[in-house]
1. Ignoring ligands and nucleic acids, what accessible area does Glu148 show with a 1.4 Å probe (Å², nearest 10)?
2. So which of Lys16/Lys83; Lys35/Lys143; Lys25/Lys160; Lys85/Lys160; Lys35/Lys154 end up more than 27 Å apart by C-alpha?
3. According to the square roots a ≥ b ≥ c of the eigenvalues of the Cα gyration tensor, what is the shape class of segment 96-153, taking rounded for a/c under 1.5, prolate for a/b larger than b/c otherwise, and oblate for the remainder?
4. Could you tell me which of rounded, prolate or oblate describes segment 21-94, using a ≥ b ≥ c as the square roots of the eigenvalues of the alpha-carbon gyration tensor, with rounded for a/c under 1.5 and, failing that, prolate when a/b is larger than b/c and oblate otherwise?
5. Per residue of the chain, what 222 nm ellipticity follows from adding -39500 (n - 2.57) for every DSSP H run with n ≥ 4, rounded to the nearest 500?
6. Report the antiparallel proportion of the DSSP beta bridges in the chain as a percent, rounded to a multiple of 5.
7. With all protein chains present, calculate the accessible area of Val24 using a 1.4 Å probe and round the result to the nearest 10 Å².
8. State in Å² the accessible area per residue of segment 39-94; use a 1.4 Å probe, count heavy atoms of protein chains only, and round to the nearest integer.
Amino acid sequence: MNQKQNSIPISVEQSKLLGSAQRVKIIGAISEVAKTSKQVADELGQSPGSTHYHIQKLYDGGLIDLVETRTTGGIVEKYYKSKAKWFDSDEYSLDPVLSDDYGSSDATRISLRLDLTPDQRDELAEEFKSLMEKWVTITSTSKEEGEEFAIGFKMISSKKRSDS
């Protein structure tokens, strides 16, 4: 399994645009099928104005594409689609909430070490992506108001790299 499947590299500035649960939900809503701001707002139970604002920010930031424009009865409908389902950055913890010095007592930390083959590593990474996608879907369709949490995943070899 290719761990970079359905992902594109992004800049630090672009990754900051994804530091919002609402924008992550929007990316999830338009990752497979192009939709209008109104369709996304209806699907996510959000206000059309707020959804349009966030879609415009994602578009201006180069994370989504305008794939079609239709005019029906004088109304212009713009259809947007995410450039990818996953975005990769060279910076791991760009979300300041995930930094160790963020002052929250409500943090859950989980860590362990495993001996993995390259195939097992890729499989584990794909399983984490699937788990995160599942929770994006669950939270996108929930009508209950929740609290926003930052969630990060980092898997790195503990083998020291040589500087040569």
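The values are calculated or read from the model by the stated rules, or taken from the named source; none is laboratory data. Quick caveat, the model's predicted, so the values are computed rather than measured. Here Cβ is always computed from backbone atoms with ideal geometry, including for glycine, and neighbour counts include all displayed protein chains. Accessible surface areas use protein heavy atoms only, side chains included; no ligands, DNA or RNA. Shrake-Rupley method; radii C 1.70, N 1.55, O 1.52, S 1.80 Å.
1. Roll a 1.4 Å probe over it and Glu148 shows about 120 Å².
2. Lys25/Lys160; Lys85/Lys160; Lys35/Lys154
3. In terms of gyration-tensor shape, oblate.
4. Taking the square roots of the gyration eigenvalues as a ≥ b ≥ c, segment 21-94 is prolate.
5. -11500 deg cm²/dmol
6. The antiparallel proportion sits near 75 percent.
7. Solvent-accessible area, nearest 10 Å²: 50 Å².
8. 58 Å²
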